[in-house]
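K.L.:
I am attaching a structure below and will ask some questions about it afterwards.
The values are calculated or read from the model by the stated rules, or taken from the named source; none is laboratory data. These numbers come from a predicted model, not from an experiment. Glycine gets a Cβ as well: all are built from the backbone with ideal geometry, and neighbour counts include every protein chain shown.
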Amino acid sequence: MRRIHDTRNYHRHGRIDLMTEFTISESLCSADSLYSKALKLSSSYGEMVGRKLTEMSLLRPGCRICEVGGGYGSLMRGLLETHSPLIGQVLMIDLSGRLLKRQRECLKPWGSKVTFVHADISELIPSLRGVDLVILNEVIGDLDTWTDLSAGALPGEVAKFVCDYGLEIPEGDKIHFNIGALRLLEEICRKGSPAFISEHSSDPIIPPGMDYLARGLTPDGFPREIRLKDHTEYTIRFSHLMRVAEALGRKTRTGSLIEFLGIKETPGLRFIFTAQASAKDEQAIVLEFLDHVREYRWLIVSGD
Ligand SMILES: C[S@@+](CC[C@H](N)C(=O)[O-])C[C@H]1O[C@@H](n2cnc3c(N)ncnc32)[C@H](O)[C@@H]1O
C-alpha cells in the first residue's frame, strides 16, 4: 500500500551508528583511515569537499556554511582543518540530539565559529536565512519518500512535481518518489543558496574507462529501498534533483563520487573488482569500498 516513508523517529530517538551505514565521510574521515590507506588517498573527505568548493568559487572569504545532518562531524572537521580561514560561520543542523553532541565535541577547536541547532530541516528550511552554502552529505536519502506508488494514480503533490518539472516516472505500481529531497532542494533553490549534495543515487554515473563497475547496476534506475540497521533509506534519482534546480534557474554540475575522490582506473583495481577476489586484507577493503561507492554521485547547485 502506498505511504510516506519517514525516518524521523529513528533519527530523533535511535542510537545511530554511522559505521553500520558505511558513510563515505566516515570511511574517509582522515588520511589515516583504513579505507583512505587502502585506496592511497592522502586527504580526508572534508578536505576534498573543500577543494571542490574552492575550485567552483563557492568558498568565498567570510562565507556562512550550513551543514545539515553532519553525523559525527567528520566532514566539517576536515573542511575546517584545511579551509577555515575562508569560512566565516558554520551552522550545523541535525535532528539527532545524540549526533549533535558528537558534532559539538568534534568541532570544539573552532569555538564560536560553529553553532548547533537541533531541528528537522524540513520544518526549519523556510525560516533559514543568511546562508551562503548548504551541505547535504548522505542526508536526502533519509527524507520523506512516497513508496509503492502506481504510475497511473500518483498522489496530488507527486503529480504536481512530475507535471511542473517534467520528471520522468517509470511504469508500474512499485514506484518510490523522493518527495522530501525535492521539496528541500526546491526551497534551497528559491532562496538562491548554492548547495553541495552527495548521496547514494538510483541513476549512477560510471567513470570513463571503468565500465566494469556497472556490473549488476541499473544505470538509469529509479529509487530503491536500502535496508539498514533499524531503519530504511531510499536511493535518490539525481536527474529529478537536476530538473528541479534547472527549472528554478540554477546551474547544476554533477559526477560520480569515484572521480570526485580521485580514485583512478588501474589494472589492480580492475582485477580486484572483476575477479571479486582479494588475496590481502587491503584488497578486500578496496573491493568493499568500490562496490559501495560506485552508485554514489555528487551534485553542486549554484547561481553561476
Ligand atoms: C546517514 S547520516 C549522514 C551523516 C553524515 N553527513 C555523513 O555523511 O557521515 C544522516 C544524517 O542526517 C540527519 N538527519 C536525518 N533526517 C534529518 C532531518 N529531517 N533534519 C535534520 N537532520 C536529519 C541524521 O541525524 C544524520 O546526522
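K.L.:
What residue, among those in the stretch 76-104 that are within 19 Å of His11 (Cα to Cα) and in a helix (DSSP H, G or I), is nearest to the ligand (Cβ to nearest atom)?
P.N.:
Among residues in the stretch 76-104 that are within 19 Å of His11 (Cα to Cα) and in a helix (DSSP H, G or I), the one nearest to the ligand (Cβ to nearest atom) is Leu99.
K.L.:
Where the second residue is within 8 Å of the ligand (Cβ to nearest atom) and the first is of a type in the set (S, T, N, Q) and lies in the stretch 85-101, which pairs have Cβ atoms under 9 Å and are six or more apart or on separate chains?
P.N.:
What qualifies is Ser96/His11; Ser96/Ile16; Ser96/Gly69; Ser96/Gly71.
K.L.:
Can you confirm whether Asp173 is within 15 Å of the ligand (Cβ to nearest atom), under 17 Å from Tyr234 (Cβ atoms) and of a type outside the set (A, V, I, L, M)?
P.N.:
Values: within 15 Å of the ligand (Cβ to nearest atom): no; under 17 Å from Tyr234 (Cβ atoms): yes; of a type outside the set (A, V, I, L, M): yes.
No.
K.L.:
If you check Leu149, Leu143, Leu99, Leu133, which single one turns out to be of a type in the set (A, V, I, L, M), modelled with pLDDT of 95 or more and touching an Asp or Glu at 6+ places or on another chain (Cβ under 8 Å)?
P.N.:
On the way: Leu143 fails: touching an Asp or Glu at 6+ places or on another chain (Cβ under 8 Å); Leu99 fails: touching an Asp or Glu at 6+ places or on another chain (Cβ under 8 Å); Leu133 fails: touching an Asp or Glu at 6+ places or on another chain (Cβ under 8 Å).
Going through Leu149, Leu143, Leu99, Leu133 in turn, just one is of a type in the set (A, V, I, L, M), modelled with pLDDT of 95 or more and touching an Asp or Glu at 6+ places or on another chain (Cβ under 8 Å): Leu149.
K.L.:
If you don't mind, there's one more thing I want to ask. Go through (1) outside any helix (DSSP H, G or I); (2) more than 14 Å from the ligand (Cβ to nearest atom); (3) among the aliphatic types (A, V, I, L, M) for Ile197 and report which single condition fails.
P.N.:
Every condition holds for Ile197 apart from (2).
K.L.:
Among Glu157, Glu123, which is under 23 Å from Arg3 (Cα atoms), within 13 Å of the ligand (Cβ to nearest atom) and of a type outside the set (A, V, I, L, M)?
P.N.:
Values: Glu157 fails: within 13 Å of the ligand (Cβ to nearest atom).
Going through Glu157, Glu123 in turn, just one is under 23 Å from Arg3 (Cα atoms), within 13 Å of the ligand (Cβ to nearest atom) and of a type outside the set (A, V, I, L, M): Glu123.
K.L.:
Give the stretch 177-197 a look and list any residue that's touching a Lys or Arg at 6+ places or on another chain (Cβ under 7 Å) and under 22 Å from Thr218 (Cβ atoms), or say none. I'd like the intermediate steps shown before the answer.
P.N.:
So the first thing to find is which residues in the stretch 177-197 are touching a Lys or Arg at 6+ places or on another chain (Cβ under 7 Å), and the list is 178, 189.
Asn178 - this is the single residue of the stretch 177-197 that is touching a Lys or Arg at 6+ places or on another chain (Cβ under 7 Å) and under 22 Å from Thr218 (Cβ atoms).
K.L.:
Any idea which of Leu261, Leu248, Leu287, Leu269 is closer than 29 Å to Tyr165 by Cβ and touching a residue at least 12 places away in the same chain (Cβ under 8 Å)? I'd like the intermediate steps shown before the answer.
P.N.:
Details: Leu261 fails: closer than 29 Å to Tyr165 by Cβ; Leu287 fails: closer than 29 Å to Tyr165 by Cβ; Leu269 fails: closer than 29 Å to Tyr165 by Cβ.
Selected residue: Leu248, the only one of Leu261, Leu248, Leu287, Leu269 that is closer than 29 Å to Tyr165 by Cβ and touching a residue at least 12 places away in the same chain (Cβ under 8 Å).
K.L.:
Let me ask something else about it. Within the set of pairs 6 or more residues apart or between chains, which connect a residue that is farther than 19 Å from Ile263 by Cα and of a type in the set (Gly, Ala, Ser) inside the stretch 198-220 to a residue that is at pLDDT 95 or above and part of a loop (DSSP other than H, G, I, E, B) with Cβ atoms less than 7 Å apart?
P.N.:
Once the first residue is farther than 19 Å from Ile263 by Cα and of a type in the set (Gly, Ala, Ser) and sits in the stretch 198-220, its partners that are at pLDDT 95 or above and part of a loop (DSSP other than H, G, I, E, B) give Ser202/Gly221; Ser202/Phe222; Ser202/Pro223; Ser202/Arg224; Ser202/Thr235; Ser202/Arg237.
K.L.:
Within the stretch 138-156, can you find the residues that are in contact with a Phe, Trp or Tyr (Cβ under 9 Å, 6 or more places away or on another chain) and small (Gly, Ala, Ser)?
P.N.:
Scanning the stretch 138-156 gives a single hit, Gly141.
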